[in-house]
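Down below is the structure, laid out as structure tokens.
Values in this text are rule-based calculations from the coordinates and carry no lab data. In this text the structure is predicted, and so the values were computed from the model without any measurement. Don't worry about glycine lacking a Cβ; one is built from the backbone with ideal geometry, like all the others, and counts go over all protein chains shown.
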Amino acid sequence: MRIVRYQKKNEPPHYGWILENKVGPIEGDIFGDFHRLEAETPLTDVKLLAPCQPSKIICVGRNYAEHAKEQKAEVSTVPLIFLKPPSSIINPGDTILLPPQSEQIEHEAELVIVIGRRGRNIISEEAKKYIYGYTVGNDVTARDLQKSDGQWTRAKGFDTFCPFGPWIDTDFDASDAIITCKVNGQPRQMASTRDMVFGVNVLIAFISSVMTFEAGDIIFTGTPAGVGPLRAGDSVEVDIEGLCKLVNPVAALK
């Protein structure tokens with residue numbers, strides 16, 4: 001099932017589900033008890049929003065060996081994790097704004113895990129029980145600030161640096177899916193999720209040994225090689241085979 005958050009005209013946001021090219025409302029808690037109403041509204045009549053509202057955004061660095069290599073960094077022996085603030089979230093189709101503090105802002109195409117229920121100290125064999133579904137994300141990064149600061153909060157945390165969506169697929173098989181990124185239609189990144197150094201189950205187990213997951217939290221699982229610059233006027237497209245496509249324009253922050 002494909003779960004969305006959407007807005008119709010000036011109405012408040014709603015959770016919904018997609019059937020073919022139409023959306024139907026969901027009543028109740030998508031992470032608990034809910035029921036679906038008939039899908040009658042064309043997708044073209046609604047704005048799709050970031051598909052959940054996480055209490056925290058956990059990201060994994062250097063989780064593809066080739067990306068670590070292009071950054072002239074070693075692959076960590078344990079997952080390298082960091083956080084992005086919820087204030088960095090934007091919707092599919094919203095504009096990524098390039099702040100004046102950075103001269104080297106780059107895209108990072110990623111598979112995103114959506115957590116479905118509260119959990120702590122989860123063993124990898126039980127990780128699947130905590131996965132609600134998957135979506136697509138772009139971990140936008142001010143690369144020059146990442147290098148100069150020595151830690152990543154500022155480089156990863158600017159407003160608009162966390163687009164994800166447009167929906168959560170609760171049935172998606174993330175074991176071997178192709179991730180691609182294009183900028184203005186030109187290919188930049190391509191790899192399979194099977195190339196991750198630390199797989200989904202290991203990431204959930206490791207992160208939950210540090211912090212408690214809440215339903216709706218998301219995990220950016222790392223980016224493949226091929227990261228590159230974003231310029232004002234660009235359009236960046238992140239696509240995961242069989243999952244969904246995330247497209248955002250880019251502009252300078254005025």
Quiz item: Calculated from DSSP H runs of 4 or more alone, at -39500 (n - 2.57) each and per residue, what is the 222 nm mean residue ellipticity of the chain, nearest 500?
Solution: -2500 deg cm²/dmol
Quiz item: Whose amide H sits under 5 Å from the amide H of Ile57, counting only residues 5 or more places off or on another chain, with H placed in the peptide plane?
Solution: Lys84
Practice problem: Taking the Cα centre of the stretch 2-49 as origin, work out the dipole magnitude from +1 charges on Lys and Arg Cβ and -1 charges on Asp and Glu Cβ, in debye rounded to 20. | Solution: 240
Quiz item: Taking N as the number of residues in the stretch 57-252, what value does Rg over Cα atoms divided by 2.2 N^0.38 Å take?
Solution: 0.94
Practice problem: Would you mind calculating the gained length between Arg117 and Gln101 on full extension (0.36 nm times residue separation, minus the Cα-Cα distance), in nm to one decimal? | Solution: 2.0 nm
Exercise. Could you list which residues have their amide H under 5 Å from that of Trp167, counting only those 5 or more apart in sequence or on another chain, with H placed in the peptide plane?
Key: Val136
Exercise. Pairs to check: Lys84/Lys156; Lys182/Lys245; Lys69/Lys156; Lys22/Lys128; Lys72/Lys147; Lys9/Lys47. Give those whose C-alpha atoms are more than 18 Å from each other in this structure.
Key: Lys69/Lys156; Lys22/Lys128
Self-check item: ³J(HN,Hα), Karplus 6.51/-1.76/1.60, whole Hz, each residue of the stretch 208-225, x for Gly, Pro
Solution: 6, 7, 9, 9, 7, 7, 10, 4, x, 5, 10, 10, 7, 8, x, 10, x, 5
Quiz item: So what is the diffusion coefficient of the stretch 180-254 in µm² per second by Stokes-Einstein at 37 °C and 0.692 mPa s, using a Kirkwood Rh over Cα pairs?
Solution: 224
Quiz prompt | Whichever aspartates and glutamates have a C-alpha closer than 13 Å to that of Lys129, once near sequence neighbours (fewer than 8 apart) are set aside | solution = Asp171
Practice problem: Give the peptides 161-168, 33-40, 233-240, 48-55 in descending order of average Cβ contacts within 10 Å, highest first. | Solution: 161-168, 48-55, 233-240, 33-40
Quiz item: How big is the charge dipole of the chain about its Cα centre, in debye rounded to the nearest 20, if each Lys and Arg gets +1 on its Cβ and each Asp and Glu gets -1 on its Cβ?
Solution: 520
Exercise. Using Cα pairs closer than 8 Å and at least 6 residues apart in sequence, work out the relative contact order for the chain, in percent.
Key: 26
Exercise. Report, by chain and number, residues whose modeled amide H sits under 5 Å from the one on Arg188, excluding near sequence neighbours (fewer than 5 apart, same chain).
Key: Cys181, Lys182, Val183
Quiz item: Please report, for the Cα atoms of the stretch 1-99, the Rg to one decimal and the Dmax as a whole number; what are they, in angstrom?
Solution: 18.1, 52
